Structures are given as C-alpha cells and as structure tokens.
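Shown next, in structure tokens, is the structure this report addresses.
What follows draws every value from the coordinates through simple rules; no lab data is involved. Remember, it's a predicted structure, so these values are computed and weren't measured experimentally. Glycine gets a Cβ as well: all are built from the backbone with ideal geometry, and neighbour counts include every protein chain shown.
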C-alpha cells in the first residue's frame with residue numbers, strides 16, 4: 001500500500017473517480033478498517049472524548065433522576081410555552097437521524113456508490129440520535145411511570161390514546177423509524193461482524209462477535225439472501241425518510257397556532273432534517289477520519305458530496321423560510337403576519353437571526369469549490385448548521401410565546417437544567433458513538449470492496465480482450 | 001481454515017430459534033400477566049376485610065328485609081351513602097339481643113360516644129368523585145355496583161370499580177336502569193323485568209346522557 005493520495009474530486013468523464021484510495025487489493029482494505037477495532041488501545045483522542053462524553057451522559061442521568069423525583073417544574077416550560085426545550089431537543093435529534101436513512105435507503109436505491117464509505121456510521125448516528133430524541137418526549141410526560149400511556153395498550157381505564165392527535169402518530173412514526181433503522185444497520189453489519197469474528201485474537205471476542213454475526217459463513221446463499229434482505233429493507237425505509245419528519249411537523253402544523261398552522265411544514269421539516277443530518281455526518285466524519293486514519297475511504301470526494309447535499313437542502317430550508325414570510329403577507333391573515341414579524345423583530349429576534357445566518361447564509365458558502373473542499377471551513381459550516389438547526393426548532397416552538405391573546409403573552413427562559421440536559425444528550429450521543437467506533441466495524445468493509453475497480457470481474461482485461 | 005475458529009459447540013445452532021421463541025413468548029406472558037394479574041378484577045374484586053362487629057347484611061337486608069336506606073340514609077341526596085352512626089344500630093339493639101357477646105363492642109362504643117371502627121370496603125381512589133344521589137335518583141340500583149349485599153354474610157367488593165368498568169355503564173347505561181321504586185330491590189333485574197323499549201323509555205324519562213368527559217369524575 002502506497003501513501004500517495006490521489007485527488008478524486010476531479011470530474012473526468014473518461015474515467016470513474018476512485019472511491020477508495022491507495023488500495024489495490026481487498027485484504028489491505030479489511031486490514032485497514034479492522035485496525036480501528038483491533039488496535040490494542042484506541043488513540044488518546046478517543047479516551048479524552050470518551051471521558052468527557054461519559055461525564056456529560058452521567059450528568060444527564062443525574063438530571064433525569066432529579067427530574068423524576070421533582071417533576072417537570074424544574075424546566076423552563078411555563079404558560080404559555082408549555083413545550084420548551086424537550087420538544088425542541090426531540091425535533092432536533094430526530095432531524096439528525098434522517099441522514100442515516102437517506103444514505104442507507106435512498107442513496108442505495110439510486111445506486112450512489114459513494115454512500116458505502118459513510119453509510120455504516122451514518123446509520124449508527126441515526127440510531128443514537130433517535131435514542132436521544134425518544135428520550136425527550138418520554139420524560140416530558142412528567143409522570144414517567146405512566147409513559148406507557150403513549151402506546152395503545154388495552155387497560156383498566158377503558159381508554160385509548162387520542163388517535164386523532166399527531167402526537168400519537170409521532171409515537172408510531174418514531175418507533176417504526178427506530179426499528180427499521182436498527183434492522184437496517186444490523187443486517188448490513190452481519191458480514192463485517194463475521195470478519196471481525198474470524199480475525200478475533202481472543203476467545204471472548206470470537207464468542208461475542210460470533211453471537212452477533214448469526215453464524216455467517218459467507219456462502220453464496222448467504223450473500224444472496226443478505227442482498228435481498230438489504231434491498232427490501234431499503235425499499236421499506238425509503239418512505240420513512242419522508243414520512244417520519246412529516247409526522248413530526250404535524251405536531252405543529254395540525255394545531256391552529258399562527259406560525260405553525262401551515263401546509264409547507266412537512267416538506268420544509270424533511271428538508272431541514274436531511275440538512276441537519278448531513279451536517280452532523282460531516283461533523284462526525286471529519287474528526288473520525290483524521291483520528292483513525294480513514295482518509296482512504298472517507299475521501300475528499302465523499303465530504304464534497306455531503307457538502308453539496310447540505311447546500312441543496314440548506315437552500316430548500318432558506319426557500320421555506322422565505323415562503324413562510326410570503327404566505328404570511330399574501331394570506332392577509334394578520335395573526336400570521338404578526339407571528340412572523342414578531343419572529344424576526346420580536347423578543348426572540350436574536351434566535352431568529354442566529355438561525356438565518358447559520359442555516360441560510362452559511363451553507364451558501366458551499367457554492368465555492370474552495371470552501372467545499374477545505375476541511376476546516378467545511379467543519380465550521382457544518383457546526384454552524386448544527387447550531388442553526390437547533391435554533392430553528394427553538395424559534396418555531398417559541399411561536400407559543402405570543403399567540404392570539406396579548407393577555408396570555410409571555411417570555412420563555414430556559415433553566416440551567418434545560419440547558420444541561422441538552423448538553424447531556426450530546427454526551428449520551430457521543431458516548432454511544434465512541435463505543436460504536438471502538439467495537440463495531442465503522443465502515444462497511446464488504447460494501448466498500450464492491451465499489452473498488454478490482455471488484456469488476458473484467459477488471460484485469462484490456463478492452464476487447466478475452467480473459468485467459 | 002483454522003479449527004480454533006469454531007468456538008461454538010453444535011448446540012449453539014439452537015440459540016437463535018430459542019432466542020426468537022423466548023423473545024416472543026416472554027413479552028406476551030408479561031403483557032397478559034400485567035393485563036389480567038394486575039387488573040382491578042384480579043386485585044380488588046372479592047376484597048372482604050374483617051369488620052369489628054360481625055354484622056350480617058344477609059340477616060338485616062336479606063332475612064329481615066330492611067331497606068338499604070334505613071341505615072345508609074343519605075344515599076338519595078348526597079354524594080356519599082352514609083355509614084350509619086352507632087345510634088342507628090341502637091334504635092333496635094337497645095332492646096333486641098341486648099346481651100349478645102357479638103354486640104359488646106356496639107354497646108361499649110355507644111356508651112363512650114364513639115364510632116364503630118368499620119373498615120371501608122368500596123374505596124375509590126382520591127382523584128375520583130362518585131355521586132351516589134346522581135345515580136340513585138336516575139334509576140341505577142344499588143345492586144349494579146355492590147352486588148347482592150342481601151346475600152352477603154360479610155360484605156365484599158363485587159365489582160372491579162375500575163375506570164373501564166365505570167365507562168362501560170356510562171357508554172351503555174340502559175341495561176342498568178330500573179324504575180325508581182325498585183332502586184333498593186337487589187333481586188330486581190332490569191334485563192329480565194323490563195323490555196329493551198321500557199329501559200329506553202326510562203332513559204328518556206330521566207334524560208340520561210352520561211358524560212364521558214375527564215372532568216365528570218376527575219374534578
């Protein structure tokens with residue numbers, strides 16, 4: 001393996017841009033990816049970030065205990081903003097999750113071969129993000145021991161949840177999404193787990209990886225069924241990419257609050273979700289490829305493709321913001337108009353302008369090739385998008401502050417517990433993600449090999465020449 | 001291939017089917033256990049605490065044919081069906097079975113001016129408001145909720161008193177409606193004595209439209 005890096009961002013119609021760099025054979029690919037899991041000790045950066053993430057996750061657990069003992073009064077949720085940080089965080093994390101499914105399902109069906117290097121950890125990111133998301137509505141019910149009321153379970157009260165409420169649809173949408181994403185992630189991982197099992201140096205590892213690789217032997221029949229299952233799951237997951245965040249948007253759009261009650265919400269939320277998800281993929285991919293030396297797989301071309309998606313979805317989001325204002329004016333509904341003027345110039349205008357500068361202006365920088373291909377600059381833009389997308393949900397939820405009746409207006413102030421729970425959820429997310437990197441194959445080993453030119457049966461042949 | 005790679009013995013082939021079987025059966029069992037085992041039907045029905053005096057409803061309400069309202073006299077006008085004061089007992093027991101051992105506590109408490117420490121049988125949660133008069137005055141008889149008290153030596157809880165049980169009747173009250181004259185007649189069964197049409201007429205007569213709003217019972 002040479003260490004010559006090739007610039008694979010160049011578009012040359014005569015030749016496919018290589019997606020795996022500096023590898024001529026499959027064995028070295030396996031070797032390089034497995035090194036992440038097989039190194040006797042992870043890099044120092046892993047320890048440092050794991051300790052920090054773990055401490056924050058621990059803090060979250062403590063705050064949860066405090067919350068369960070004391071009640072939701074410890075949050076800033078107060079009349080008229082009964083939905084404060086918990087719903088903001090929920091929508092934020094669910095949105096992050098959308099990149100994983102988009103990469104694994106839609107890009108797969110569209111035969112976007114570059115997805116193979118990033119799909120595994122994007123799917124992992126999705127699952128961990130949905131775990132963080134699911135946490136917040138669960139604890140928002142206040143009486144956590146009654147959280148099972150979210151589900152339609154026959155009970156001694158003779159009551160069902162309100163089937164006409166989007167909050168219930170949400171329960172179904174998110175739990176379906178989690179199940180399908182988890183299955184997708186796991187099914188895709190089985191052959192790679194078998195690789196780790198076969199390479200395991202200790203009996204313990206062999207047993208653990210062996211259990212989870214479900215007796216995979218890599219026979220033709222195994223591969224055939226695996227590919228079928230994967231394709232079917234991709235087809236099942238594709239509508240979910242669009243439906244889940246549409247349903248999340250119904251939480252708002254189905255209500256009658258000015259600023260929420262708009263038909264643009266479902267597509268606008270989906271675009272925003274993919275936007276934030278891809279920004280998070282890049283936020284995680286950039287340090288990961290650096291620390292674990294995965295630059296041959298997650299190449300500049302991959303990052304640039306992600307940036308292009310961020311640019312597209314960011315523009316969609318910006319367009320949606322504009323349309324909201326246009327409709328507020330064009331509809332002639334003065335409550336609607338007030339809601340939007342208030343958003344931009346009212347008491348939380350600072351949040352609105354953080355949102356606009358992070359979500360609308362910053363991705364536009366990706367029109368420039370230089371910025372799209374500069375690691376530090378794209379990292380900054382992606383961080384800005386993460387921040388901006390959190391503030392987008394914050395701004396939307398704060399429409400509650402000033403509705404129809406001036407007498408019921410208020411000002412939302414989060415408590416320190418709100419803020420630390422948000423930070424703690426990042427700790428939980430990063431803890432899970434770091435454990436994933438250490439113990440599971442971070443890149444889809446078998447899939448990545450398939451996009452190498454060597455995987456083509458005619459690879460060694462010259463044009464018009466029969467194989468010897 | 002190295003033989004050492006085969007870390008699993010042959011029986012481990014059964015692990016996956018077993019896991020699948022267990023992971024379907026166990027949750028199902030837990031759900032059924034919770035649904036039936038912890039339902040008020042299983043936990044509350046049949047609650048029969050020992051009372052300080054072996055008062056027999058079977059004798060008083062059954063054999064002697066005393067009306068429920070003789071002792072529980074507030075039932076037609078108030079939310080609560082009163083537990084009778086000791087004085088009510090003494091109306092008769094001043095003379096009857098004066099020297100019975102079983103009534104010793106009655107006389108003692110009467111002389112000291114205290115109440116008999118009866119143990120409550122039908123106890124709804126504190127967040128539920130039930131109004132006896134509202135039901136009695138519209139033709140829902142005692143027996144609908146309390147069962148055949150006139151046949152009980154010691155009173156026990158006959159119905160689950162769960163929310164679903166309340167709602168069952170609120171959603172379909174007609175099978176429980178009777179003429180007001182038969183309110184305390186525990187042997188009267190509207191399903192036998194009345195036609196469906198007559199029960200419907202009763203419903204119309206008392207304009208019964210039971211509310212199912214949360215605030216009806218959870219005030």
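Taking only Cα atoms, what is the 0 to 90° angle, nearest 10, from helix A:203-212's long axis to the longest principal axis of chain A? The two axes meet at around 60 degrees.
Region B:150-216 and region A:53-100 have Cα centres spaced 47 Å apart. In region A:311-468, one over the average inverse separation of all distinct C-alpha pairs is 20.1 Å, which is the Kirkwood hydrodynamic radius.
Between B:119, B:31, B:77, the GNM of chain B built on Cα springs shorter than 10 angstrom shows B:31 fluctuating the most.
Based on the inverse mean of 1/r over its pairs of different Cα atoms, what is the Kirkwood hydrodynamic radius of region A:53-162, in Å?
Result for region A:53-162 stands at 16.4 Å.
Mind checking the alpha-carbon convex hull of region A:207-294 and giving the volume per residue in Å³?
On the way: hull volume 14.6 nm³, N = 88.
Per residue, the Cα convex hull of region A:207-294 comes to 166 Å³.
What's the angle, to the nearest 10 degrees (0 to 90), between helix B:196-205's Cα axis and the longest principal axis of chain B? In chain B, helix B:196-205 runs at an angle near 60 degrees to the longest axis.
Per residue of A:155-165, what is the mean number of Cβ atoms on other protein chains within 10 angstrom of that residue's Cβ? Working shown, then result.
Numbers: counts 6, 13, 6, 10, 5, 0, 0, 0, 0, 0, 0.
Neighbouring Cβ atoms belonging to other protein chains average 4 per residue here.
Residues considered: B:30, B:128, B:143. Largest GNM mean-square fluctuation over chain B, using C-alpha springs under 10 Å, is found at B:30.
With runs of 4+ DSSP H residues as the only contributors, calculate the mean residue ellipticity of chain A at 222 nm using -39,500 (n - 2.57) per run, divided by the residue total and rounded to the nearest 500. Write out the running numbers ahead of the final one.
Numbers: 15 runs with 296 residues, N = 468.
For chain A, the value works out to -21500 deg cm²/dmol.
Here is the tail figure for region B:1-102: Cα pairs spaced more than 22 Å apart come to 64 percent of all pairs. Using only Cα atoms and rounding to the nearest 10 degrees, what angle (0 to 90) does helix A:220-253 make with the longest principal axis of chain A? The two axes meet at around 20 degrees.
When every alpha-carbon pair in chain B is counted, what percent end up more than 28 Å apart? Before the final figure, lay out each step's value.
Working: 11375 of 23871 pairs.
Every Cα pair in chain B considered, those over 28 Å come to 48 percent.
What number does the protein assembly as shown give for Rg over Rh if you use C-alpha atoms and the Kirkwood radius? Could the numbers behind the result be given before it?
Numbers: Rg = 34.5 Å, Rh = 30.8 Å.
Across the protein assembly as shown, the Cα-based Rg/Rh ratio is 1.12.
The alpha carbon centroids of region A:223-268 and region B:49-117 are separated by 66 Å. Values of log10 I(q)/I(0) for region B:3-42 across q = 0.20, 0.27 Å⁻¹ run -0.68, -0.85, by the Debye formula with one identical scatterer at each alpha carbon and no solvent. Inter-label distance, residue A:16 to residue A:460: 1.9 nm, where each label sits 7 Å from its Cα along the C-beta direction.
So what's the gap between the Cα centers of region A:398-468 and region A:355-373, to the nearest angstrom? One Cα centre to the other: 20 Å.
Of the two radii for region B:166-219, the radius of gyration is 1.01 times the Kirkwood radius, both from the alpha carbons; that is the Rg over Rh value.
Per-peptide packing, taken as the mean over residues of other Cβ atoms within 10 Å, places A:155-166, A:31-42 in the sequence A:31-42, A:155-166 from highest down.
Relative contact order (percent) for chain A, with alpha-carbon contacts under 8 angstrom and 6 or more residues of separation? List each step's numbers first, then the result.
On the way: 607 pairs, mean separation 137.5, N = 468.
Computed over chain A, the figure is 29 percent.
Result for chain B in a Gaussian network model with C-alpha springs under 10 Å: among B:102, B:48, B:151, the largest mean-square fluctuation is at B:102.
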